[in-house]
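Since every read-out is calculated from the coordinates, none of them should be taken as a lab result. These numbers were taken from a predicted model, which means no experiment stands behind them. For neighbour counting, all protein chains shown are included, and Cβ atoms are generated from backbone atoms with ideal geometry for every residue, glycine included.
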Amino acid sequence: FAVPQIDFAAELNAEQYAAVTAPAGPLLVLAGAGSGKTRTLTYRVAYLLSQGVPPGEILLLTFTNKAAKEMLHRVEELTGYEPRRFWGGTFHSLGNRALRLYGEEIGLSPRFTILDADESETLLKQSVEARDKLFFKNKTNPRPGPLFSVLSLARNTQQSIETTVRHSFPQYRDIEHRFADFAAHYEKAKREQDVIDFDDLLELWLRLLREREQVAAYFAHRFRYLLVDEYQDTNPLQAQIVDTLAPHHCITAVGDDAQCIYSWRGADFENIMTFPERHADTVIHRIETNYRSTPEILAFANAVLEAQPSGRHFDKELRAARPRGEKPYVVQAIDEREQAEFVLKRTRALIEDEGVSPSEIAILYRSHFVALEMQLALARAGLPYQITSGVKFFERQHIRDLVALLRFVYNPSDTLAWQRIAVLLPKVGEKGAQKIHAAARDHAALLRADLVTALASDDVQSKVPKDARDEWPHFCASLAEVADQLRDTPASPALAVERALEGWYGDYLRGAFADYNDRLDELKALAGFAARFDGIQELLAQIVLLNGETADARSAESGADHAAAIRLTTIHQAKGLEYDVVFLIGLADGQFPSRRAIDSGDIEEERRLFYVAVTRAKDALYMSYPQVASRPGPGGMMNTPSRFLKEVPPELYETLRIKRRFNY
Ligand code: ATP
Ligand code: MG
C-alpha cells in the first residue's frame, strides 16, 4: 500500500492532531459545531492508512449516504485511495450489505427483498386485518401509517411498545395492548414472503451479530477500526450495533450533544453521554476552535447555548479562528410575503453584486409550511432553487389531495381530480372511482342536478364498496359544503380550503399520517395562500403555473447548473453542512419553537435545532420573522419574535429595517 504524504501537523490544530494520531482504542471527539469534527474523522482515516492499515479494515458510518460519499471523496483527495476500497455509508446501507452476505445464517432467504415505506404499511395493514377484520373500520383507531410509526419507534429505541406508546403516542393508550399481537403477525407475514423492512436492516443485522459468533468474530476481525460521525444522533439500536461490531473497542465517535435533533426518530444523546461507560479507557478529545464562522456568528451561537437550562449536557465554548465579519442580522417583516421579498432581494444582491455563488446561499426553516411563500417568490422571480431531498410544496401528497378536491368540486367533470380523492376511501380503486363517477353523471343528467349533489343519491351509493359506505355520507356532505363555499359571492377559496379541512378530508388526514400536525400546518399555509385569490379558478391556475415553473427550476438542478441553484432546506436536512450565507426564516414564536413544542412544555430539542441552524453560516446570517401571521393562531393575528431570539443579548445582532414605500 502506498503511504500518503500528508503534513498532518500543518493541516490540523493541536487538538485535532491529537485526536487524529491517537493510538488505537475508544476515542470520543466531543466538540461544538464547525470545530472540524468531520474533518478530524476524515484525517483519521488518512492517518490510519499512512500507518499501514489496509483500507479494507476501516468501516465508516455516517448519517446520510451523501455524507459518507463526501468524506470518502475527501479521503481520496488526501491519500489517492479509491473510495470503493472502504466500507462506508449509513447504518441501513451497511446493514443491507451485511445481511446480503450472511443473512442466511439467521434464516433469511438469499433472495430477500426490501419493502419501501408504503409497502411496509400495506403489509402491516393486511396483517392487522388478518387478526381483526374491523380494526380500521373504527375511525378512532390509528391508520396503518401511524401504527407503523409506533412499532418502528419501539424497534429503533429498543423499548417495549407499551413504553413507546406512553411516551410518544399517548393518544393510543386505550388500545396499546393490541399492538404486540399485530406486530407479531406482521413479523410472520414478512418471514413468509422473504421480505424485510427498513428497520430490519438494523434489527436483523444486530441479531446476526449477537446470535452468530463466527459472523461477529469475522466482522470484528475484518473491521479493526470503526469511525462514526454525528454520533449524538444514533438511536439505541445503532449504538448497540456499533458496540457489538467492535469488541476490540477501536471506535472513533465524533459528535456534539448540543446538536442532537432526531430524538423524535429515536435518537438518544444518552448514547454519547454513556459512551465512556460502555468503552473502558475512552480518551475524550475536545476541540474548542471554530473554523467555520465569523466571530460575530459564533458569539451569537454561544449565546444560544448559554440560554440552555442547566441539565445533562457537556459545556462547550467555541473560539473563533476567522477574522471579524458582520454581526448577524435580524429582520422584522410585515408578513410572510414581505419576508420572502426581502430574502429574494438580498439574495439577488449577494449573487449579482458580491459574487456569491447561489449554491453557497441557503434558506433554512423549521417546517416545510414556512417555505411556501419563499418558493412562490423564487419561482416567480425565475431564480433556480433546489430543495434538499424534500418534495416541493405543491407536489406534496396532502397538498395535491386537497388541490384535487377543490378542482373536482369546481369542475366535477375532471375525472383525474375525482380519482385522486375517491381512492382515499377504503377499498376504492381507480376502476371503482370511475364507476362511481359514471353513476353520478348519469344520475345528475337524469335529474338535471349537479354532480356533487348527485353523489349522495341512492343510485350512486349502491356503487360504493361496502367498506366505504360508512363514511360515504360524510364524504358527500363535506364536498357539498366546499361547493357551497365556492358558490358564495365573493367566493373565498381560503374558506373553501378550511371547510375541506374541517370536513371529511381533515378526518382522513388525522387517521392517515403520524405527522398529521405538520401536514395540517402546511394545509393551513395553503389556505393562507388561497386567501390572495378572489376566485377558485385564479387559485387553481396559479398552482398549475407555479408547478410548471418549478419544473423548469428542477431541470436547472441537474448537471452543470447545480451550482446555480440556491438551497432551500429544513434545518434537519442541513445538519453537518455549511454555507457562505444563511437565511433563517420563520423565527416567530409558534413557528420556531413550534407551537407543539411550546404546548408540550419541552423546547430543548428546538433550541438545539436553532443552534444547528445558526452554526451553518460561514460569513453572513440573516434571521427573519413575519409580524403578521398568515393565519390567526392562538395568539391572534400578531406574531412575537421567537423566544430563542429574545434570549440572545441584543448587542450580538443588528436589527435591519426593511425600506418600504409606505411606512405603517
Ligand atoms: P458540524 O458540527 O456542523 O458537523 P464539524 O465539527 O464537523 O461541524 P467540519 O465540517 O469538519 O466541522 O469543519 C468546519 C469547517 O472548518 C470546514 O470548512 C473545515 O474545512 C474547516 N476546518 C476545520 N478544521 C480546520 C483547520 N484545522 N484548518 C482549517 N480549516 C479547518
Ligand atoms: Mg460534521
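With +1 on each Lys and Arg Cβ and -1 on each Asp and Glu Cβ, how big is the dipole of the chain about its Cα centre, in debye rounded to the nearest 20? Numbers along the way, then the final one.
Values: 80 positive and 93 negative charges, 112 e Å.
Dipole magnitude for the chain comes out near 540 debye.
Would you pull out the residues with amide H under 5 Å of Met623's amide H, same chain only if 5 or more places away, H placed 1.01 Å from N?
Correct list: Tyr329, Val330, Val331, Leu584.
For a quick check of your reading of the filter: which GluC sites (Glu not before Pro) in the stretch 562-652 sit in a DSSP loop and have no more than 16 other Cβ atoms within 10 Å?
Working: sites: Glu578, Glu604, Glu605, Glu606, Glu647, Glu651; in loops: Glu578, Glu647.
When the GluC sites (Glu not before Pro) of the stretch 562-652 are filtered for loop state and at most 16 Cβ neighbours within 10 Å, Glu647 remain.
Any idea what angle helix 472-487 forms with the longest principal axis of the chain, computed on alpha-carbon atoms, 0 to 90 degrees, nearest 10?
For helix 472-487, the angle is close to 80 degrees.
Taking 2.2 N^0.38 Å as the expected size of a compact globular protein, what ratio does the Cα radius of gyration of the stretch 325-447 give against it, to two decimals? If you can, show how the numbers build up before the last one.
Details: Rg = 21.5 Å, N = 123, 2.2 N^0.38 = 13.7 Å.
For the stretch 325-447, the normalised Cα radius of gyration comes out at 1.57.
Taking the Cα centroid of the stretch 306-363 and of the stretch 54-109, what is the distance between the two, rounded to the nearest whole Å?
What the calculation gives is 34 Å, centre to centre.
Using the Karplus equation 6.51 cos²θ - 1.76 cosθ + 1.60 (θ = phi - 60°), what ³J(HN,Hα) coupling, rounded to whole Hz, does each residue of the stretch 255-260 give in order, writing x for Gly and Pro?
x, 9, 4, 6, 10, 6
In square nanometres and to one decimal, what's the mean projected area of the convex hull around the Cα atoms of the chain? Don't skip to the end; give the middle numbers.
On the way: hull surface 126.9 nm².
Over every viewing direction, the Cα hull of the chain projects on average to 31.7 nm².
What list of ³J(HN,Hα) values in whole Hz, one per residue of the stretch 573-580 in order, does the Karplus curve 6.51 cos²θ - 1.76 cosθ + 1.60 (θ = phi - 60°) give from phi, with Gly and Pro shown as x?
With coefficients 6.51, -1.76 and 1.60, one gets 6, 8, 3, x, 9, 9, 9, 4 Hz.
Just add up the charged neighbours of Glu277: K/R +1, D/E -1, any other residue whose Cβ is under 12 Å from the Cβ of Glu277.
Values: positive: Arg278; negative: Asp243, Glu270, Asp281.
The answer is -2.
Put +1 on the Cβ of each Lys and Arg and -1 on the Cβ of each Asp and Glu in the stretch 191-249; which of Leu209, Ile241, Tyr225 then has its Cα farthest toward the positive end of the dipole?
Of Leu209, Ile241, Tyr225, it is Tyr225.
Which of the listed residues, Met374, Leu486, Ala530, is farthest toward the dipole's positive end in the chain, when Lys, Arg count +1 and Asp, Glu count -1 at the beta-carbon?
About the Cα centre, the residue reaching furthest to the positive side is Leu486.
Using 13 Å as the cut-off for backbone N distance, which residues of the stretch 642-656 belong to the label zone defined by a point 7 Å from the Cα of Ala303 along Cα→Cβ?
Taking a point 7 Å out along Cα→Cβ of Ala303, the residues of the stretch 642-656 whose backbone N falls under 13 Å are 644-656.
Any lysines with Cα under 26 Å of the Lys524 Cα? List them, leaving off those in the same chain fewer than 8 positions away.
Candidates past the 8-residue exclusion: Lys139, Lys392.
To the nearest Å, what is the center-to-center distance of the stretch 443-471 and the stretch 189-218, using C-alpha atoms only?
That distance is 50 Å.
In percent, how large is the relative contact order of the stretch 112-240, given Cα pairs closer than 8 Å and 6 or more residues apart?
On the way: 94 pairs, mean separation 44.3, N = 129.
Result for the stretch 112-240 is 34 percent.
Which net charge results for the neighbourhood of Tyr653, defined as the other residues with beta-carbon distances under 9 angstrom from its beta-carbon, given Lys and Arg at +1 and Asp and Glu at -1? Intermediate values should be presented prior to the final figure.
Values: positive: Lys327; negative: Glu296, Glu651, Glu654.
Around Tyr653, the charge tally is -2.
With the dipole of the chain worked out from charges on the C-beta (+1 for Lys and Arg, -1 for Asp and Glu) around the Cα centre, which of Gln193, Ala444, Gly506 lies farthest toward the positive end?
In the chain, that residue is Ala444.
Once amide H atoms are built 1.01 Å from N in the peptide plane, which residues 5 or more positions from Ala320, or in another chain, come under 5 Å H to H?
Sorted by chain and number, the residues that satisfy this are Asn290.
May I ask you to derive the FRET efficiency for Glu502 and Gln51 from their Cβ-Cβ distance with R0 = 51 Å, giving the value to the nearest 0.05? Don't skip to the answer; put the middle values down first.
Values: r = 66 Å, r/R0 = 1.29.
Efficiency for this residue pair is about 0.20.
As an exercise, use a Förster radius of 45 Å and the Cβ-Cβ distance of Gln214 and Arg319 to find the FRET efficiency, rounded to the nearest 0.05.
Details: r = 49 Å, r/R0 = 1.10.
It comes to 0.35.
With an 8 Å Cα cut-off and a minimum separation of 6 or more residues, compute the relative contact order for the chain in percent. Show your work: numbers first, answer last.
Values: 1073 pairs, mean separation 117.0, N = 664.
RCO, the chain: 18 percent.
Give me the tail of P(r) for the stretch 165-314 as a percent: Cα-Cα pairs with distance above 21 Å. Display every interim value, and only then the final one.
On the way: 6885 of 11175 pairs.
Taking all Cα-Cα pairs of the stretch 165-314, the fraction more than 21 Å apart is 62 percent.
Using only the alpha-carbon atoms of the stretch 565-631 as identical scatterers, what base-10 log of I(q)/I(0) does the Debye formula give at q = 0.14, 0.19, 0.22, 0.23 Å⁻¹?
For the stretch 565-631 at q = 0.14, 0.19, 0.22, 0.23 Å⁻¹, log10 I(q)/I(0) is -0.45, -0.79, -1.00, -1.06.
The stretch 23-51 to the stretch 241-303: how many Å between their Cα centroids?
The stretch 23-51 and the stretch 241-303 have Cα centres separated by 12 Å.
Can you list the equivalent-ellipsoid semi-axes of the stretch 126-206, largest first and in whole Å, using the square root of 5 times each Cα gyration tensor eigenvalue? Could you put the intermediate results ahead of the total?
Numbers: eigenvalues 83, 60, 17 Å².
The answer is 20, 17, 9 Å, longest axis first.
Going by amide H atoms built from the backbone, whose H comes under 5 Å of the H on Tyr225, apart from near neighbours?
When sequence neighbours closer than 5 places are left aside, the close amide H contacts are Leu59.
Longer than 19 Å from Cα to Cα, which of Lys327/Lys618; Lys618/Lys659; Lys431/Lys463 are they? Say none if no pair is. Don't jump to the answer; show the numbers that get you there.
Numbers: Lys327/Lys618 12 Å; Lys618/Lys659 26 Å; Lys431/Lys463 11 Å.
Violating the 19 Å limit, Cα to Cα: Lys618/Lys659.
When the Kirkwood radius is taken over all Cα pairs of the stretch 43-128, what Stokes-Einstein diffusion coefficient follows at 25 °C and 0.890 mPa s, in µm²/s?
The diffusion coefficient I find is 162 µm²/s.
In whole Hz, what ³J(HN,Hα) sequence does the stretch 398-415 give by Karplus (6.51, -1.76, 1.60; θ = phi - 60°), x for Gly and Pro?
5, 5, 5, 4, 5, 5, 5, 4, 5, 4, 5, 5, 6, 9, x, 7, 6, 6
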